[in-house]
Each structure stands twice: as structure tokens, then as C-alpha cells.
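**Student:** Pasting a structure below so you can have a look.
What follows draws every value from the coordinates through simple rules; no lab data is involved. Worth saying up front: this structure is predicted, and the values here are computed from it rather than measured. Glycine also receives a Cβ, built like all others from the backbone with ideal geometry; neighbour counts cover every protein chain displayed.
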């Protein structure tokens with residue numbers, strides 16, 4: 001059996017910790033691990049968005065994940081609270097998600113949600129309940145070096161979630177525990193199974209955006225009933241602007257998309273650019289997706305010394321893609337230019353780009369509209 005990581009204690013005077021509980025296997029394992037470490041564990045479940053699959057029967061007042069988290073807390077003998085933040089979640093995360101698609105970008109709502117929503121409420125509730133720390137079931141790690149808290153990749157490469165957490169700053173990292181960071185998913189499954197919670201291991205895990213049941217396009221149409229009418233009638237175009245055919249509306253496409261275009265050009269076609277002003281979708285071949293550099297905005301660097309050290313920098317431009325060797329340099333304000341040592345494919349505005357130095361997260365930024373690269377090219381490249 002896996003030995004419990006003794007570093008979780010960290011010689012704290014106040015070992016009262018607030019755990020974000022989803023009712024799933026990972027947050028459940030966090031509660032068990034911390035209890036075994038002698039922490040005074042309190043559970044908090046946020047009710048952020050209701051969709052039909054979250055309810056098992058007619059008339060059910062609370063979604064399944066709230067009931068499951070409360071039941072686990074009762075079995076473990078820990079305090080549990082529920083926080084209803086549906087209106088705030090809709091006004092913040094959901095509206096920003098919709099707004100990004102209307103700007104012709106492809107957002108990553110989990111990145112925004114983690115900093116501006118989950119940790120915001122976790123830390124507020126922790127203060128209210130007298131907790132020195134908060135903990136979640138993310139597969140990531142935190143180290144403290146010379147008084148600076150550094151986010152690191154999780155030990156399990158397949159489950160590592162550091163990509164979604166790059167916006168967390170010193171305030172958040174200094175008060176956060178990631179008990180699963182040194183475990184693999186398979187080890188956690190066995191750990192939970194050994195403690196008699198077979199139903200947690202067998203429960204199907206959600207892998208998509210938590211507030212979207214099927215396809216984001218259907219979600220946009222539901223939230224904006226007049227959207228189809230507003231955006232339909234635009235054209236697919238080639239690299240010189242020649243019209244190739246009609247599309248369904250620019251928000252319904254993403255950079256790199258090949259399937260579902262419903263246009264025959266005699267060879268595979270990919271979305272290479274989205275113009276929300278003209279309502280055009282540029283199509284090209286796979287080579288047209290390649291880029292040697294990209295412009296980032298809203299850049300946050302956790303430790304600038306990591307960017308100047310001899311160790312190679314790598315950048316991940318989407319969650320499931322491998323990191324790419326690169327060189328990063330500041331442009332102006334919060335904008336940076338990243339030059340890839342090998343061309344990257346489908347650089348997508350709105351997505352996060354996260355810098356790594358080995359296992360350490362050096363920082364990150366949001367991929368900007370690449371047409372603005374021309375402004376900086378002469379001075380920085």
C-alpha cells in the first residue's frame with residue numbers, strides 16, 4: 001500500500017483545512033488522506049450550474065454531486081457545507097465563455113473558473129470557517145523555494161492538471177494543498193477501493209466542461225436563442241479571400257477544425273482563421289495551421305529567473321497536446337512573443353499557453369489574435 005506523504009503536515013499550528021468536494025473519487029480521496037494526516041477536515045461543495053443529468057429523479061431538489069459529497073462527509077464524520085453560487089457562476093464564468101466565442105475565440109473556462117471563482121470562494125469560506133488551508137483533488141504539486149510558492153506538474157503525466165492552474169498566484173498557492181499530486185490515478189483508485197468506497201471507483205467521471213451537457217454549439221444556441229439568425233450567412237474563404245461557400249456562423253467553429261465543415265473542396269480542409277467582424281472562416285490545408293511564433297496577452301510570470309536559466313523552456317498550447325520547446329520574450333505591457341523551436345499546429349486565440357521549466361510552471365498567458373504579431377515583429381524578432 002502507498003505510504004502517506006508526510007510532507008502534507010508542514011508543521012502547521014492550525015491544521016483545519018477546507019476541501020472542495022465534488023462528490024467524485026478525487027476529492028473524496030483528498031478528505032481521506034488529510035484525515036489520516038491529522039487534519040481537521042471540512043467539506044465545501046459548490047452548486048454552480050444545474051443540468052438534467054445532475055438529477056436522478058423528478059422533484060429532486062439538489063443535484064447528485066451535492067448529495068454524494070454530503071453523504072461521504074457523513075460517513076467520514078466531517079463537517080460539510082453547500083454554497084449556492086449559480087447566479088454568480090452564470091454572470092461570471094458562463095457569460096465570459098459565451099463572450100469569447102462571440103469574439104471569434106475558443107475559451108478555456110476551467111482556467112478562469114479556478115482563479116476567479118473556485119479559489120475565490122474557497123478562500124473566503126476558509127476564512128469564515130477558520131481554516132488555514134484549502135485543498136482540492138487536482139493532480140498537481142506545490143513547492144516553496146526561497147519563500148516563493150511554485151506550481152509543479154502532477155506526478156501522473158496522464159492526469160497532470162497544472163495547465164488549468166497557471167493563473168493561481170502566491171495568495172492562492174501559499175494556502176493550497178494538492179494531496180494527490182504525488183499519486184497516480186490508479187493508485188488513488190486502489191486507495192479508495194481499499195477503504196470500502198467501491199462506488200467512487202466505479203462512478204463515471206466527467207471529462208468535459210462542467211456546465212455543458214453535450215456540444216458547446218448547442219449550449220450557445222440555448223443561451224442565445226437568436227444567435228443562429230445573427231451569425232448565419234457568412235462565407236468560408238481561402239487565403240486570398242475568395243468565397244468557397246456558406247457556413248453556419250463563426251461562433252460554431254474553432255481553429256484546426258476539420259470535421260463538420262460540410263464543404264467539399266477535393267482535399268481535407270481545416271479552419272485556419274476566424275474573423276468575427278466579417279463573419280468569415282478561412283480554410284486551408286494542414287500546413288497552413290503551422291506557426292513558428294505566437295503572441296500572448298494577459299501573461300503572468302511566476303518566477304522570471306526560470307525564463308533566463310539554461311534549462312530548456314517548453315510551452316503547452318492546449319491541455320492534451322505535448323509541450324513544445326520555445327523561447328519567450330516580453331513585447332509590451334502584459335504581452336509576450338513566443339518563438340517555437342519547431343513549428344506548432346493550430347495556435348488558437350482564447351486558449352491558454354503555459355510555460356514549463358522541467359516540472360515547474362513558470363507562468364502562462366492567453367493566446368491572442370495572431371494578426372497583431374505584425375506590430376511587434378520588427379522590434380522583437
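**Student:** In percent, what relative contact order does the range 223-347 have, based on Cα pairs under 8 Å that are 6 or more apart in sequence?
**Tutor:** For the range 223-347, the relative contact order is 21 percent.
**Student:** Compute the distance from the alpha-carbon center of the range 320-381 to that of the range 40-56, in whole Å.
**Tutor:** Spelled out, the Cα-based centre of one part sits 36 Å from the other.
**Student:** Now, a different point. Under 8 Å for C-alpha pairs, at least 6 residues apart: give me the relative contact order for the chain, rounded to a whole percent.
**Tutor:** Normalised by residue count, the contact order of the chain is 14 percent.
**Student:** Please report, in cubic angstrom per residue, the volume enclosed by the convex hull of the alpha-carbon atoms of the range 290-380.
**Tutor:** Roughly 92 Å³ of hull volume per residue.
**Student:** Among 197, 319, 139, which comes first, then next, by fewest other beta-carbon atoms within 10 Å?
**Tutor:** Fewest-to-most Cβ neighbours within 10 Å comes out as 319, 197, 139.
**Student:** Given the options 189, 204, 286, state which has the largest fluctuation in a GNM of the chain using a 10 Å cut-off (strictly under) for Cα springs.
**Tutor:** 204
**Student:** So if R0 is 45 Å, what FRET efficiency would residue 267 and residue 116 give, r being the distance between their Cβ atoms, rounded to the nearest 0.05?
**Tutor:** Efficiency computed from Cβ-Cβ geometry: 0.60.
**Student:** Determine, at each q value in 0.15, 0.25, 0.28 (inverse angstroms), the log₁₀ of I(q)/I(0) that the Debye formula gives when each Cα of the range 221-267 is one equal point scatterer.
**Tutor:** -0.45, -1.05, -1.20
**Student:** Then there is this: Find the relative contact order for the range 226-284 and round it to a whole percent, using C-alpha pairs within less than 8 Å whose residues are 6+ positions apart.
**Tutor:** Once normalised by length, the contact order is 36 percent.
**Student:** How high is the FRET efficiency between residue 129 and residue 323 when r is their beta carbon distance and R₀ equals 41 Å, given to the nearest 0.05?
**Tutor:** Efficiency at R0 = 41 Å is approximately 0.60.
**Student:** Let me ask another. P(r) for the range 144-237: what percent of alpha-carbon pairs falls in each 10 Å bin, starting at zero?
**Tutor:** Bin by bin from 0 Å, the calculated values are 12, 25, 26, 21, 14, 3.
**Student:** Moving on to the next point. Compute the long axis of helix 64-76 from its Cα atoms, compare it with the longest principal axis of the Cα atoms of the chain, and write down the angle in degrees, 0 to 90, nearest 10.
**Tutor:** 30 degrees
**Student:** Most exposed first by the Cβ proxy, i.e. fewest other Cβ within 10 Å, how do 210, 144, 31 rank?
**Tutor:** 144, 210, 31
**Student:** Let me ask another. Would you please give the FRET efficiency between residue 202 and residue 243, computed as 1/(1 + (r/R0)^6) with r the Cβ-Cβ distance and R0 = 51 Å, to the nearest 0.05?
**Tutor:** 0.45
**Student:** Taking just the C-alpha trace of the range 249-332, give me its Rg and Dmax in Å.
**Tutor:** For the range 249-332, the Cα radius of gyration and maximum Cα-Cα distance read 16.8, 50 Å.
**Student:** What number does the chain give for Rg over Rh if you use C-alpha atoms and the Kirkwood radius?
**Tutor:** 0.99
**Student:** Pairing the Cα long axis of helix 25-36 with the longest principal axis of the chain, what angle in degrees results, from 0 to 90 and rounded to the nearest 10?
**Tutor:** Taking Cα atoms only, the helix is inclined about 30 degrees.
**Student:** Measure off 7 Å from each Cα along the Cα-to-Cβ vector at residue 300 and residue 145, then give the distance between these two points in nanometres to one decimal.
**Tutor:** Once both label points are built, they end up 1.9 nm from each other.
**Student:** Throw me the Rg/Rh for the range 12-202, computed over C-alpha atoms with Kirkwood Rh, two decimals.
**Tutor:** With Rh from the inverse mean 1/r over Cα pairs, Rg/Rh is 0.96.
**Student:** Please figure out what share of the DSSP beta bridges in the chain is antiparallel and state it in percent, rounded to the nearest 5.
**Tutor:** Given both bridge residues lie in the chain, the antiparallel proportion sits at roughly 70 percent.
**Student:** So how do 48, 223, 32 line up by other beta-carbon neighbours within 10 Å, fewest first?
**Tutor:** The fewest-first ordering by Cβ neighbours comes to 223, 32, 48.
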